Amino acid sequence: MTNLDAFSMDFFRLDGKVAIVTGGNTGLGQGYAVALAKAGADLFIVAHSKGWDETRDLIEKEGRKVYFLQGDITKKGTVNEIVKTCLDVYGKIDILVNNAGTIRRAPLLEYKEEDWNAVIDLNLNAQYFLSQEVAKVMAEQKSGKIINVASMLSFQGGKFVPPYTASKHGVAGITKAFANELGEHNIQINAIAPGYIATANTAPIREDAARNKEILSRIPAGRWGTPFDLMGTVVFLASRASDYMNGHILAVDGGWLVR
């Protein structure tokens, strides 16, 4: 039996760890990246477009290193470049946060094929292929943490976002599938399912007075979440404190799902 006295709050520390965060220069991704830096990790941030000065300042303020790579993670070449460059810069990969994603809204009967493909490519296919390549590195290291970003629509159907719903159900599925195969390599893969968070992606909903009121009435916490509310969760899932947690979809939703 494990000695209970051996537990330490240092189990939540990430000193000496290297974390890749996709879409880590804005919104939730920025919150994840800064949280990991505050816990002691160095960062490798992948962004679709430039505009990362604020994120750099926040991370370097914590005394941590950060490297930015601009690229489209739906391209196989970019996936390979991410892994190779991170290994060249830091020599290892301890944590992967698959945060990058997109959403396109339209009624189901009017939804365009190109919009379906764009959402599935980024939200599901890119997560799968990047996770697969990073897992090869982690398997050699015999350790690693992969953190996917699911959604309330990993559990529900939603409206006007059929590919987003399909992709987020898929994220939940590959989280479980990867956990079954990677556990023997001492790799844990879990997912965060954020509730309704105030970001640029949800601005159209918050600006709709009726929809905003409907959402708030269902959240026991009585407010929209913010990126700050997810920071502790990502540190927990990236740390030694969650070593026996694998294949889980962790909702951080202010109580949305229970009402």
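If you take the beta carbon distance between Ala221 and Val89 as r and set R0 to 45 Å, what does 1/(1 + (r/R0)^6) give as a FRET efficiency, to the nearest 0.05?
Working: r = 39 Å, r/R0 = 0.87.
It comes to 0.70.
What residues qualify as long-range amide H neighbours of Asn99, i.e. H under 5 Å apart, gap of 5 or more or another chain, H built at 1.01 Å from N?
Those lying under 5 Å, H to H, from Asn99 are Thr22.
Under 5 Å between amide hydrogens, which residues at least 5 positions from Leu250 or on another chain qualify, with H placed 1.01 Å from N in the peptide plane?
Result for Leu250 returns Ala191, Ile192, Ala193.
When every alpha-carbon pair in region 109-193 is counted, what percent end up more than 18 Å apart? Kindly include the intermediate steps, with their values, before the conclusion.
Values: 1608 of 3570 pairs.
Percent of Cα pairs beyond 18 Å in region 109-193: 45.
Give the Cα extents of the chain along the principal axes, in whole Å, largest first.
The Cα atoms of the chain stretch 50, 44, 38 Å along their principal axes.
Any chance you could run the full-extension gain for Leu257 through Arg240? It's 0.36 nm times the residue separation minus the Cα-Cα distance, nm to one decimal.
On the way: separation 17, 0.36 × 17 = 6.12 nm, distance 2.77 nm.
Using 0.36 nm per residue and subtracting the Cα-Cα distance, I get 3.4 nm.
On a full-extension model of 0.36 nm per residue, what is the gain between Lys213 and Glu62, subtracting their alpha-carbon distance, rounded to one decimal in nm?
Working: separation 151, 0.36 × 151 = 54.36 nm, distance 3.81 nm.
Net length gain for the segment: 50.6 nm.
In nm, to one decimal, how far is the Glu140 label point from the Met9 one, both placed 7 Å along Cα→Cβ?
With each label point 7 Å from Cα toward Cβ, the separation is 3.8 nm.
Can you give me the span-like helices of the chain, meaning DSSP H runs with 27 Å or more of Cα extent along the axis and Kyte-Doolittle mean at or above 1.6?
Numbers: long enough: 162-182 (29 Å, -0.14).
Counting only whole DSSP H runs, no helix qualifies.
Figure the gain on full extension for Glu113 and Ala200 (residue separation times 0.36 nm, minus the Cα-Cα span) and round it to one decimal in nm. Could you put the intermediate results ahead of the total?
Values: separation 87, 0.36 × 87 = 31.32 nm, distance 2.40 nm.
So the extension gain works out to 28.9 nm.
Which pairs in the list Lys76/Lys142; Lys61/Lys213; Lys84/Lys142; Lys38/Lys145 are over 27 Å apart, alpha-carbon to alpha-carbon?
Over 27 Å apart, Cα to Cα: Lys61/Lys213.
Note down the net charge around Arg240, summing +1 for each Lys or Arg and -1 for each Asp or Glu among other residues with Cβ under 13 Å from its Cβ. Each step should come with its number before you reach the end.
Numbers: positive: Arg13, Lys17, Lys145; negative: Asp10, Asp15, Asp94, Asp243.
Net charge around Arg240: -1.
What is the distance, in nm, between label points placed 7 Å from the Cα along the Cα-to-Cβ direction at Lys176 and at Asn80?
3.4 nm
Every number here is computed from the coordinates shown, using simple stated rules; none is lab data. What you see is a predicted model, and the numbers here were worked out from it, not measured in a lab. Note that each Cβ is placed from the backbone with ideal geometry, even for glycine, and that neighbours are counted across all protein chains shown.
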